[in-house]
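The structure under discussion appears below in the form of C-alpha cells.
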There are 2 protein chains.
Amino acid sequence: MTHKGFTLWFTGLSGAGKSTVSEIIEKRLREDGARVELLDGDVIRTNLSKGLGFSKEDRDTNIRRIGFVCEMLSRNGVVAIAAAISPYREVRDEVAAKIEHFVEVHAHCPLATLVDRDVKGLYKKALAGEIKEFTGVSDPYEPPLHPAVKFDSSVETPQESAEKVWVKLVELRLIAPDD
Amino acid sequence: MTHKGFTLWFTGLSGAGKSTVSEIIEKRLREDGARVELLDGDVIRTNLSKGLGFSKEDRDTNIRRIGFVCEMLSRNGVVAIAAAISPYREVRDEVAAKIEHFVEVHAHCPLATLVDRDVKGLYKKALAGEIKEFTGVSDPYEPPLHPAVKFDSSVETPQESAEKVWVKLVELRLIAPDD
C-alpha cells in the first residue's frame with residue numbers, strides 16, 4: 001500500500017462514535033500495510049494529558065499537544081489518527097493549519113440519543129450535576145463548520161460511517177483507490 | 001541511506017553539550033536522507049511539558065512523555081533524538097525498556113567546568129540560591145551506569161563527541177558503515 005503521512009482527526013461528543021469508527025479505519029489501514037498510530041482517549045490520558053483539567057486553557061493545551069504528536073508522525077509518513085472530543089473550533093483549526101494533510105471528521109450524534117444510550121453512564125451523572133464541565137451538557141461543543149466528513153451514528157452503522165471516511169481518503173488521494 | 005527507527009537519548013547536566021552534539025548528529029543523519037526528529041529542551045517546553053514543574057514526579061512525567069513520543073517515532077522507522085537533562089536513572093531505564101532500539105548517551109562535564117563556563121548564567125544563580133531545584137547544584141543527577149556512549153565536553157570538541165556517537169550507531173548496525 002502506498003500512502004502519504006496524514007492526520008485523521010475525529011472530533012465529537014463522548015459516545016458519538018469517534019473511537020469505534022477510528023478503530024475500524026485503523027484496522028483496515030494496518031491490513032493494507034500502512035504505518036498507523038491511533039491516539040484515542042485512553043492513550044492520550046495515559047501518555048500525554050496527565051495534570052491537565054477541563055478548563056478551556058487545559059483542553060486547548062491537550063489538543064495542541066496531540067496535534068504536535070500527529071504533526072511529527074504525519075510529516076514522517078505515518079498515518080496519525082486522533083480521536084478526541086476537542087470541543088473548541090479555534091484550536092482544532094490551529095492544529096489543522098500546521099499539518100500538511102489534515103482530515104477532520106465530525107462524529108455527530110444528537111444529544112437525546114447519547115443521553116438515551118449512555119453506555120458509560122456519564123450523561124446521567126453529568127445531567128445530575130455529578131460531573132462538572134461535561135462537554136455537550138455543562139461545557140461547550142463547537143462543531144466543525146466544514147469537516148471533510150460528517151457522520152451521524154444515530155442513523156448509520158459504524159461500518160457505514162467508516163466507509164464514508166475511507167471514500168474521502170481515496171478522494172483526497174491520501175490512499176490508493178484499489179486498496 | 002538505510003536505517004531502522006531508533007531512539008538516541010542524550011542525558012546530562014545543563015550546558016554539558018547535549019543539544020550541541022545532538023544537533024551535529026541530526027544534521028548528519030538528515031544529510032544522509034534519514035527521517036529524524038530532534039526533541040530538545042525548547043521543543044519539549046513548547047509542546048509537551050507545559051504545566052510541569054521540577055519535582056521528581058513532574059520530571060518523571062516529562063521523561064515518560066518524551067519517551068512515549070520517541071517510542072512512536074522509532075517504531076515507525078524514524079530516528080528520534082531526545083536531549084533532556086533526565087536526571088533520574090529509574091525512569092530513563094523504564095523508557096529504555098519500552099523502546100526496541102534505544103541508545104543512551106551520557107553528556108558529561110565536570111561541574112567545576114560547567115560553573116566556570118556558565119554560558120547562560122544559570123549556575124551562578126543556582127549557586128546563589130536564586131534558582132531552586134537546579135540539577136547538579138540543588139537537585140540530584142543520577143548518571144547512567146552503562147551508557148552506550150559517554151563523552152566529556154571538557155576535554156573533547158563537539159565534533160569528537162559526535163563522532164563517538166556515530167561510530168557507536170554503526171557498531172550497533174543502526175546506520176550503515178558507509179554513510
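The values are calculated or read from the model by the stated rules, or taken from the named source; none is laboratory data. None of the values given here were measured: they were computed from a predicted structure. Cβ atoms come from the backbone with ideal geometry, glycine included; neighbour counts cover every protein chain shown. SASA here: full protein model, heavy atoms, side chains in, ligands and nucleic acids out. Shrake-Rupley method; radii C 1.70, N 1.55, O 1.52, S 1.80 Å.
Determine, yes or no, whether residue A:38 is in a loop (DSSP other than H, G, I, E, B) and touching a helix residue (DSSP H, G or I) at 6+ places or on another chain (Cβ under 9 Å).
Criteria not met by residue A:38.
Within segment A:24-51, the set of residues being of a type outside the set (Asp, Glu) and free of Cβ contacts under 8 Å to residues at least 40 places away in the same chain comprises A:27, A:30, A:33, A:43, A:45, A:46, A:47, A:48, A:49, A:50, A:51.
Per-residue answers, yes or no, for (1) under 23 Å from residue B:56 (Cβ atoms); (2) open to solvent by 60 Å² or more (accessible area, probe 1.4 Å):
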position	(1), (2)
B:115	no, no
B:120	no, yes
B:123	yes, no
B:127	yes, yes
B:131	yes, no
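Could you check segment B:72-88 and list, in sequence order, the residues that are at the interface with another protein chain (Cβ under 9 Å from one of its Cβ atoms) and among the polar types (S, T, N, Q)? Once the filter is applied, which keeps residues that are at the interface with another protein chain (Cβ under 9 Å from one of its Cβ atoms) and among the polar types (S, T, N, Q), segment B:72-88 yields only B:76. Residues in segment A:140-156 that are of a type in the set (D, E, K, R) and open to solvent by less than 100 Å² (accessible area, probe 1.4 Å) were compared, and the one that is farthest from the chain's Cα centre (by Cα) is A:156. Taken over segment A:1-13, residues that are in a loop (DSSP other than H, G, I, E, B), away from chain B (no Cβ under 13 Å) and crowded, with 22+ Cβ neighbours inside 10 Å amount to 2.
Taking the criterion of being surrounded by fewer than 19 Cβ atoms within 10 Å (Cβ to Cβ) and part of a loop (DSSP other than H, G, I, E, B), the residues of segment B:49-74 that qualify are B:50, B:51, B:52, B:53, B:54, B:55. Residues of segment B:27-71 that are among the charged types (D, E, K, R), over 12 Å from the mean Cα position of the chain (by Cα) and more than 10 Å from chain A (Cβ to nearest Cβ): B:27, B:28, B:30, B:31, B:32, B:42, B:45, B:56, B:59, B:60. In the set A:107, A:16, A:80, A:96, which member is in contact with a strand residue (DSSP E or B) (Cβ under 9 Å, 6 or more places away or on another chain), closer than 29 Å to residue B:6 by Cα and surrounded by 21 or more Cβ atoms within 10 Å (Cβ to Cβ)? Answer to the check: A:80. Number of residues in segment A:122-179 that are among the β-branched types (Val, Ile, Thr) and over 22 Å from residue A:79 (Cβ atoms) equals 5.
Determine whether residue B:54 is without any contact (Cβ under 8 Å) to a residue 12 or more places away in the chain and of a type in the set (Phe, Trp, Tyr). Criteria not met by residue B:54. Would you mind stating whether residue A:137 is among the aliphatic types (A, V, I, L, M), over 26 Å from residue B:48 (Cα atoms) and within 15 Å of the chain's Cα centre (by Cα)? Here the answer is no, as residue A:137 does not meet what is asked.
Restricting to segment A:59-89, and then to whatever is in contact (Cβ under 8 Å) with a residue 24 or more places away in the chain and of a type in the set (D, E, K, R), can you tell me which residue is farthest from residue A:47 (Cα to Cα)?
Top of the filtered list is A:89.
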